[in-house]
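J.: Mind looking over this structure? Questions follow.
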Amino acid sequence: MLEVIPENIKQAWQAYVDGINDTINKRIDAKNLPEGYATNGFEPRPWTLMDSQAIMVNLTRQFGQGGAGELRNYALVQYLRTRPTIKDRLFDAFDDLAWSNEPSSIPTVSKRDDTTLKIPEIFNFTRAESESHLASLPNTNLLELAGSIRLASMEDQKLVAEANSVAYKTGSYAVVVSPRKSATGNPLLLTAPQMGHTMPSIVHEVAFDTPDLKVAGMDVPGMPGVIIGYNPNAAWGFTSGVADLEDIFVSPLKEGTTYIHNGEERQLEEIKFTLKVKGQPDKEVIQYRTVHGPVLLKSNGSKAVYSLRSSFWKQEVASTAALFDLYNAKSASDFSQFAAKVPVSFNLFFATKTGDIGYRYCGLVPMRAQGVDPRLPTLDTKENQWQGFVSYVNMPRADNPSTGFLANWNNKPSEWWPNGDTPVWGRAFRNQSLLDSLPQDKIALTDLEKAAWTIARRDTAVTPLLRPYIEKAVLTMPSNEQRSLAVTQLRAYDGWNLDGSIGAALANETLNQIRKLVFLDDFGNFTSDSLFTQVLQPHTIFNALDGKTNLDYLGGKSSAIVVSEAITAAQASLSASQGTDSTQWGYKSGSIRFAGQEPIPYINRGTYIQLTEFGPFWPYARSVASPGVTESGPNATSQMPLSRNWQYKVMWGWQ
């Protein structure tokens, strides 16, 4: 991967490596290494460019990959086959749970502002083709699929990442405002990657100020350069794009390590890794690969090999190198050229000093063969291979939208964009809360600050959908129940999930109880309560209450009766968990916990938050990167007071 990187970028990266090694040597000589080295009985080896490359690959994959949900979906299908009331209408239930597209889900770009050159046909399949697709798959059992799902979703990797204070969560929100919508007449940008909260900090802040390079913003330790930031002429931010860039291909397994690809016999490739284990001999691990990519499951029982194909494989480092293009970016065309080089899935937002704002949906999206249902593993035949990729000019985009602003919280890019193998964008999605937090008229930088504060506390995505059902349900309840404190608080609930709120506690538990009353008998709990909650999303819940699902999950009851029963069940649940005195019930928000520090309430916030405004001469920017930007010493926790009070400090400026 490094060989294709321009020489000037390789030189910059090598200088970064040299700087790290200079620091390592000086700290070894001064005997002031971080205490972890003494605890584990070794000194740091020299840093290499390969180390930085590994971080680049990991970061771009974690935040920019999308797809690989086919094993999860196939496990869901296998599970549904065991449910007595579902198995005879398998695809009706599957479509209810894993819908392809929901046009009402709010997009980043409105239809009138979408300047996509030509809408591509990413998928094309009918119900009959889906049924034929499923029938062609090997009958791999649920137990075998379970372990491979963890590999596909990188669950173990995320746990290791969190334990080692590196990025382990994915998310992010951003708002960009045009001069005509801005209260000051200047373009504005809010960008906030959600990567988790640890000590030491997951991110650093950095600024370069040289005669030919002026750029400042956020980076990740070990990865050279600015990821999110600004230069004297433009500012930019990213959110994860969630496009379906990966597929699971299933190849027939003949015997041993022989599999069939496109009708021809192939041998699984073996790659050996040596792992050092403290206090034990080295251990050797073998990774198997097909022509598509790493093997996630080799099923001897069903004679099948499941492997992962990624559109961006071996291009991750190149996408990181493309960031250097942004350091001198000035115009919308500069950002278009950058977006064309990015193979992983990101939403890119930018604002320029000249007053332009824009959006580009990035990623190398495969075009699937006719009749292939992207929700299921793809049978490895000649006709089922990828049919090319979506051109970057046909990816969703917008410049200077008619609304005067663009906002995103990992929501769908445009109305026509499909879900792929993961039903993520439905009737209710969190970007509604972000939109509702912005004023209807002019937007100031302080309004963007307030929006970041508000969305950590208020949900206006699910609440408006739930409220009408609650009002109708209450009317079916006895008058004494209607007048109870808990029900009164529930009816007054307007989405504010504040610590101690009775209404918020009861509303959230009511939704949980609706989910159980409507779906538990038919589906069971999918082997765990957490999976039950994950699979039965608000989209499907409200569709069921509205009678818009393929199956009737209400069992002949009216939605009002079901919701009234859920309210009663929610009160019983809170009585069991928080006591019978409803005045003592209360919502409990998540909190950010750092060792030796008081928890910071309301966890739904950016790991790093940056606000930028372009004036007539130079950009003005403020940020917060809690808890701090060093591993030890005063700056390890210096930004915690800012984070606790939702305040920001002034960033680097140029004269």
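J.: Residue pairs, Cβ under 9 Å, 6 or more apart or interchain, first in region 438-455 and without any contact (Cβ under 8 Å) to a residue 24 or more places away in the chain, second buried (at least 18 other Cβ atoms within 10 Å of the Cβ) and of a type in the set (Ser, Thr, Tyr). List them.
T.: Listed pairs, sorted by first residue: 450/437; 454/433; 454/437.
J.: Something else: Could you please find all residues in region 409-427 being surrounded by fewer than 22 Cβ atoms within 10 Å (Cβ to Cβ) and touching a helix residue (DSSP H, G or I) at 6+ places or on another chain (Cβ under 7 Å)?
T.: The answer is 426, and nothing else.
J.: Would you mind finding the one in 433, 437, 391 that is surrounded by fewer than 19 Cβ atoms within 10 Å (Cβ to Cβ) and of a type in the set (S, T, N, Q)?
T.: On inspection, the qualifying residue turns out to be 391.
J.: Among the residues of region 622-655, which ones are among the hydrophobic types (A, V, I, L, M, F, W, C) and touching a helix residue (DSSP H, G or I) at 6+ places or on another chain (Cβ under 8 Å)?
T.: 624, 629, 646
J.: What tally of residues in region 235-254 results from selecting those that are in a strand (DSSP E or B) and either in contact with an Asp or Glu (Cβ under 7 Å, 6 or more places away or on another chain) or on the phi > 0 side of the Ramachandran plot (or both)?
T.: 6
J.: Let me ask another. Please determine, by comparing only the residues of region 466-505 that are of a type in the set (Phe, Trp, Tyr) and without any contact (Cβ under 8 Å) to a residue 40 or more places away in the chain, which one is nearest to residue 591 (Cα to Cα).
T.: Among residues in region 466-505 that are of a type in the set (Phe, Trp, Tyr) and without any contact (Cβ under 8 Å) to a residue 40 or more places away in the chain, the one nearest to residue 591 (Cα to Cα) is 496.
J.: While we're on this one: Please go through region 447-489 and pick out each residue that is assigned to a helix (DSSP H, G or I), closer than 30 Å to residue 187 by Cα and not charged (D, E, K, R).
T.: Passing the criteria: 448, 451, 452, 453, 454, 455.
J.: Give the residue that is farthest from residue 537 (Cα to Cα), with candidates limited to residues of region 90-112 that are at pLDDT below 95 and among the charged types (D, E, K, R).
T.: Among those that are at pLDDT below 95 and among the charged types (D, E, K, R), it is 112.
J.: Sort out which residues of region 316-334 are crowded, with 19+ Cβ neighbours inside 10 Å and in a loop (DSSP other than H, G, I, E, B), and write them in order of number.
T.: Hit for region 316-334 is 329, nothing else.
J.: Looking only at region 522-565, count every residue that is at pLDDT below 95, assigned to a helix (DSSP H, G or I) and aliphatic (A, V, I, L, M) and tell me the total.
T.: Here the count works out to 2.
J.: Can you name the residue in region 346-392 that is without any contact (Cβ under 8 Å) to a residue 60 or more places away in the chain and of a type in the set (D, E, K, R) and is also farthest from residue 240 (Cα to Cα) among such residues?
T.: 383
J.: Output the residues belonging to region 171-217 that are under 19 Å from residue 324 (Cβ atoms) and over 23 Å from the mean Cα position of the chain (by Cα).
T.: Hits for region 171-217 are 206, 207, 208, 209, 210, 211, 212, 213, 214, 215, 216.
J.: Further question: Sort out which residues of region 11-52 are hydrophobic (A, V, I, L, M, F, W, C), assigned to a helix (DSSP H, G or I) and within 19 Å of residue 633 (Cβ to Cβ), and write them in order of number.
T.: 20, 24, 28, 38
J.: Say we look at region 86-103 and pick out the residues that are part of a loop (DSSP other than H, G, I, E, B) and surrounded by 13 or more Cβ atoms within 10 Å (Cβ to Cβ); which of these is farthest from the chain's Cα centre (by Cα)?
T.: Here the residue is 86.
J.: Filter region 349-371 for residues that are buried (at least 24 other Cβ atoms within 10 Å of the Cβ) and either modelled with pLDDT under 95 or among the aliphatic types (A, V, I, L, M) (or both); which is nearest to residue 135 (Cα to Cα)?
T.: Looking at the filtered set, the residue picked out is 365.
J.: Mind checking which pairs have a first residue in region 616-644 that is at positive phi and a second that is in a strand (DSSP E or B), Cβ under 7 Å, 6 or more apart or different chains?
T.: Listed pairs, sorted by first residue: none to list.
J.: Go through region 601-630 and count every residue that is assigned to a loop (DSSP other than H, G, I, E, B) and touching a Leu at 6+ places or on another chain (Cβ under 8 Å).
T.: 1
J.: When you go through (1) part of a helix (DSSP H, G or I); (2) modelled with pLDDT of 95 or more one by one for residue 59, which number turns out not to apply?
T.: Just one mismatch for residue 59, condition (2).
J.: Pairs only if they're at least six apart or on different chains, beta carbon under 6 angstrom, first in region 539-561 and more than 24 Å from residue 430 (Cβ to Cβ), second buried (at least 21 other Cβ atoms within 10 Å of the Cβ) and of a type in the set (Asp, Glu); list them, first residue then second.
T.: Filtered contacts from region 539-561: 550/96.
J.: Right, another one. Name the single residue, out of those in region 184-221 being in a strand (DSSP E or B) and of a type in the set (Asp, Glu), that is surrounded by the most Cβ atoms within 10 Å (Cβ to Cβ).
T.: Among those that are in a strand (DSSP E or B) and of a type in the set (Asp, Glu), it is 205.
J.: Now for a different question. Return yes or no: is residue 607 closer than 15 Å to residue 452 by Cα, in contact (Cβ under 8 Å) with a residue 40 or more places away in the chain and not basic (Lys, Arg)?
T.: yes
J.: Give the residue, chosen from 568, 583, that is under 28 Å from residue 454 (Cβ atoms), out of contact with any Ser or Thr (no Cβ under 8 Å at 6 or more places or on another chain) and in a helix (DSSP H, G or I).
T.: 583
J.: Quick test for you: out of 53, 62, 78, pick the one residue that is in contact with a Leu (Cβ under 8 Å, 6 or more places away or on another chain) and surrounded by 18 or more Cβ atoms within 10 Å (Cβ to Cβ).
T.: None of the others qualify; the one that does is 53.
J.: In this structure, is residue 149 touching a Leu at 6+ places or on another chain (Cβ under 7 Å) and crowded, with 18+ Cβ neighbours inside 10 Å?
T.: It is true that residue 149 is touching a Leu at 6+ places or on another chain (Cβ under 7 Å) and crowded, with 18+ Cβ neighbours inside 10 Å.
The values are calculated or read from the model by the stated rules, or taken from the named source; none is laboratory data. Note that the coordinates shown come from a computational prediction; the quantities given were computed from them, not determined experimentally. Counting neighbours? That spans all protein chains shown, and the Cβs are built from the backbone with ideal geometry, glycine included.
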